[in-house]
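The values are calculated or read from the model by the stated rules, or taken from the named source; none is laboratory data. Keep in mind it's a predicted model, so treat the numbers as computed, not measured. Note that each Cβ is placed from the backbone with ideal geometry, even for glycine, and that neighbours are counted across all protein chains shown. The accessibility values were calculated without ligands, DNA or RNA, using every heavy atom of the protein model including side chains. Shrake-Rupley method; radii C 1.70, N 1.55, O 1.52, S 1.80 Å.
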2 protein chains.
Amino acid sequence: MGLSKTEIFTDQQNQIALFAKVFGHPARVAILEYLFKLNTCVCGDLVDEIGLAQPTISQHLKELKLLGLIKGNVEGTSVCYCIHKENWTKMKELMVQFLDQDINTTNCC
Amino acid sequence: MGLSKTEIFTDQQNQIALFAKVFGHPARVAILEYLFKLNTCVCGDLVDEIGLAQPTISQHLKELKLLGLIKGNVEGTSVCYCIHKENWTKMKELMVQFLDQDINTTNCC
DNA sequence: TCTATTAATCGTAATATTGCAATGTAATAA
DNA sequence: TTATTACATTGCAATATTACGATTAATAGA
């Protein structure tokens with residue numbers, strides 16, 4: 001199969017899974033951390049920074065862009081990327097809400 | 001390929017990716033939300049709750065257990081599951097730290 | 001115009017994931 | 001002892017993901 005049965009889950013559950021999935025690869029985590037670290041847009045040097053081939057990086061960037069977590073601006077021959085603030089904040093709220101659920105204090109297991 | 005080049009990333013990046021990956025499927029999100037909602041351990045009714053076949057649920061539970069996010073206790077013929085509090089908290093700290101990075105206020109893109 | 005540079009896309013191979021039927025296993029019930 | 005019940009494991013088919021070489025597209029500069 002390899003195909004998730006998304007229709008039996010809530011929109012929220014599917015959305016959490018979609019965001020989590022994109023963070024489920026260290027290269028994408030590394031790209032995002034780099035974008036945060038630089039504190040400005042990155043034009044070009046992502047391929048040198050992360051140790052993967054150019055088409056691979058391009059593919060990871062595409063997925064991040066598709067989910068709206070980063071923005072890409074064409075600047076001459078290169079492309080500048082940065083975090084999409086509003087969408088990142090929205091995503092963060094969704095994820096933190098999921099992660100921050102109350103854990104029952106009365107032990108069971 | 002289908003194989004991540006984990007060796008070129010930091011331990012932290014790989015750890016974030018591992019946790020995120022397990023949340024990258026709505027069934028596992030649903031299982032965890034159900035465990036939180038019940039606020040006690042779940043013995044048995046997970047297959048009825050989530051709409052997937054028993055072997056499929058069993059497999060998802062295995063992955064959650066493997067990462068230490070849930071505990072399973074044998075209780076007669078059934079098995080009771082609940083959130084592994086300490087590990088969940090540790091995981092949450094790692095993830096929130098990643099999600100909560102400062103976004104530069106000076107616009108670039 | 002020609003060429004270099006940069007990044008996206010295409011094509012493809014290797015591997016991973018998802019889902020479930022069939023089967024195995026362990027504990028309780030009759 | 002023999003069901004029965006509850007869950008794990010196995011095996012497999014369908015699909016997804018990862019990675020990269022080759023190519024293409026677009027712009028900048030000579």
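Quick check on my filter: what residues within segment B:1-17 are within 11 Å of DNA strand C (Cβ to nearest atom) and within 8 Å of chain A (Cβ to nearest Cβ)? B:S4, B:T6, B:A17, listed by residue number. Within segment A:93-101, not a single residue is within 12 Å of DNA strand D (Cβ to nearest atom), under 19 Å from B:G24 (Cα atoms), free of Cβ contacts under 8 Å to residues at least 24 places away in the same chain and charged (D, E, K, R).
Residues that are open to solvent by less than 20 Å² (accessible area, probe 1.4 Å) and either within 7 Å of DNA strand D (Cβ to nearest atom) or closer than 16 Å to A:K5 by Cβ (or both) within segment B:29-43 comprise B:V29, B:A30, B:I31, listed in sequence order. Among the residues of segment B:15-26, the ones that are open to solvent by less than 30 Å² (accessible area, probe 1.4 Å) and more than 10 Å from the chain's Cα centre (by Cα) come to 3 in all.
Residues that are charged (D, E, K, R) and under 12 Å from A:A27 (Cα atoms) were ranked within segment A:46-75; the one that is farthest from DNA strand D (Cβ to nearest atom) is A:E49. Kindly check whether there is at least one residue in segment B:55-68 that is outside any helix (DSSP H, G or I) and either closer than 30 Å to A:H84 by Cβ or more than 7 Å from chain A (Cβ to nearest Cβ) (or both). Within segment B:55-68, one or more residues are outside any helix (DSSP H, G or I) and either closer than 30 Å to A:H84 by Cβ or more than 7 Å from chain A (Cβ to nearest Cβ) (or both). Check whether at least one residue in segment A:41-52 is more than 10 Å from the chain's Cα centre (by Cα) and of a type in the set (G, A, S), and report yes or no. Scanning segment A:41-52 turns up at least one residue that is more than 10 Å from the chain's Cα centre (by Cα) and of a type in the set (G, A, S). Once segment A:44-60 is narrowed to residues that are within 8 Å of DNA strand C (Cβ to nearest atom) and buried (at least 18 other Cβ atoms within 10 Å of the Cβ), the residue that is farthest from A:V22 (Cα to Cα) is A:L46. Do you know which residues across segment A:61-75 are more than 8 Å from DNA strand C (Cβ to nearest atom) and in contact with a helix residue (DSSP H, G or I) (Cβ under 8 Å, 6 or more places away or on another chain)? Correct list: A:E63, A:L64, A:L67, A:G68, A:L69, A:I70, A:K71. Being at negative phi, modelled with pLDDT of 95 or more and touching a His at 6+ places or on another chain (Cβ under 7 Å) is a property that B:I57 lacks. One residue is enough: does segment A:76-91 have a residue meeting the conditions under 16 Å from B:M95 (Cα atoms), in contact with a helix residue (DSSP H, G or I) (Cβ under 6 Å, 6 or more places away or on another chain) and crowded, with 17+ Cβ neighbours inside 10 Å? There is at least one residue in segment A:76-91 that is under 16 Å from B:M95 (Cα atoms), in contact with a helix residue (DSSP H, G or I) (Cβ under 6 Å, 6 or more places away or on another chain) and crowded, with 17+ Cβ neighbours inside 10 Å.
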